[in-house]
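Trainee: Questions regarding the structure given below will be posed in turn.
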Amino acid sequence: MKYVWASGTDAGRVREHNEDSLFPTTSGNADGPVVLMVADGMGGAVAGEVASRLAVEAAAFDHEDDSIEPIARVASANEAVIEATLADPSLSGMGTTMTLVRLNPDGTADFAHVGDSRAYLLSEGGMRLLTNDHTVINELVELGKITPKEAANHPHRHMLTRVLGIGPISIDTFSIELQPGDRILLCSDGLTTMVADFTIEQILDAGEGVEPSSWALIEQANTAGGVDNTTVVVIDVLP
Ligand code: MN
């Protein structure tokens, strides 16, 4: 299998800083293994930017070494943020999400994630969300306490139940089998809070390449208000 990707990040229309980080920062293609990820930092002053950057640097370490499992990469990211906070108390309280995929030569994809940055799969059957948001509101939805519609506009929808950089962490992992023609999207919540899933699907399914699709997604988030930083990685699966 061959993979072709493009990534993009933008501060948006409201925020001065971009606290998201991503890897790789440039477009490319490879037969795999290839590791790609997005991270959305949080914390006072510059701490959010520091958290997501340190996390991505740690998780991307030796990224062509497929013996390092995605879960180990996300665990390293967690440790890197914790260590930086211990070394500099002014950064205390910083944290970050991370959604990471390793695409393998045999067409399997291994994911690891913490927080509310998402992964979607567009395949012949349409688009589906692969990840589970680690948010208070999503847990209430899963418990049947509130409806998905109520959750979409809930004022506390950004409150995370899991974040890297605070302490020991439970990391979600799963693997899928890809088919040629599939497309994967990794994104921060700046996209998904501004743009409805059906619009994301329309953009991904418009027949454009990975680069124009990436920028169309970011432009759509900004057109809708761009209240948060938006980061996307679009990956095409080729035979
Ligand atoms: Mn965000």
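Trainee: Probe radius 1.4 Å, ligands and nucleic acids left out: which of S76, S170 has the largest accessible area, and how do the rest follow?
Mentor: S170, S76
Trainee: Pull out the extension gain between D66 and A196, defined as 0.36 nm times the separation in residues minus the alpha carbon to alpha carbon distance; nm, one decimal.
Mentor: 43.4 nm
Trainee: I've got another one for you. Ranking request for peptides 203-212, 33-42: highest mean number of other beta-carbon atoms within 10 Å first, then the rest in descending order.
Mentor: Final packing ranking: 33-42, 203-212.
Trainee: Sum up the charges of everything whose Cβ sits under 15 Å from the Cβ of A224, counting Lys and Arg as +1 and Asp and Glu as -1, but leave A224 out.
Mentor: -3
Trainee: In region 64-117, which GluC sites (Glu not before Pro) are in a loop and have at most 16 other Cβ atoms within 10 Å, using DSSP for the loop call?
Mentor: Those that pass, being in a loop and sparsely packed, are E64.
Trainee: If R0 is 30 Å, what FRET efficiency do you get for T223 and K145 from their C-beta distance, rounded to 0.05?
Mentor: Using R0 = 30 Å, I get an efficiency of 0.35.
Trainee: For region 205-239 and region 40-60, what is the centre-to-centre distance using only Cα atoms, to the nearest Å?
Mentor: Rounded to whole Å, the Cα centres lie 22 Å apart.
Trainee: List the residue ranges in the chain for DSSP H helices whose C-alpha atoms run 18 angstrom or more along the long axis and whose Kyte-Doolittle average is 0.0 or above.
Mentor: The answer, listed by residue number, is 47-60, 70-87.
Trainee: Something else now. Which whole-number percent gives the relative contact order of region 113-184, counting Cα pairs below 8 Å spaced six or more residues apart?
Mentor: Once divided by the residue count of region 113-184, the mean separation gives 40 percent.
Trainee: Peptides 186-197, 48-59, 151-162: what's the order by average Cβ count within 10 Å, highest mean first?
Mentor: Going by the mean number of other Cβ atoms within 10 Å, highest first, we get 48-59, 186-197, 151-162.
The values are calculated or read from the model by the stated rules, or taken from the named source; none is laboratory data. Only a predicted model underlies this, so the values are computations on that prediction, with no experimental measurement involved. Cβ coordinates were reconstructed from backbone atoms using ideal geometry, including for glycine residues, and neighbour counts include every protein chain displayed. The protein model used for the area step is the full one, side chains on, heavy atoms only, and it has no ligands, DNA or RNA in it. Shrake-Rupley method; radii C 1.70, N 1.55, O 1.52, S 1.80 Å.
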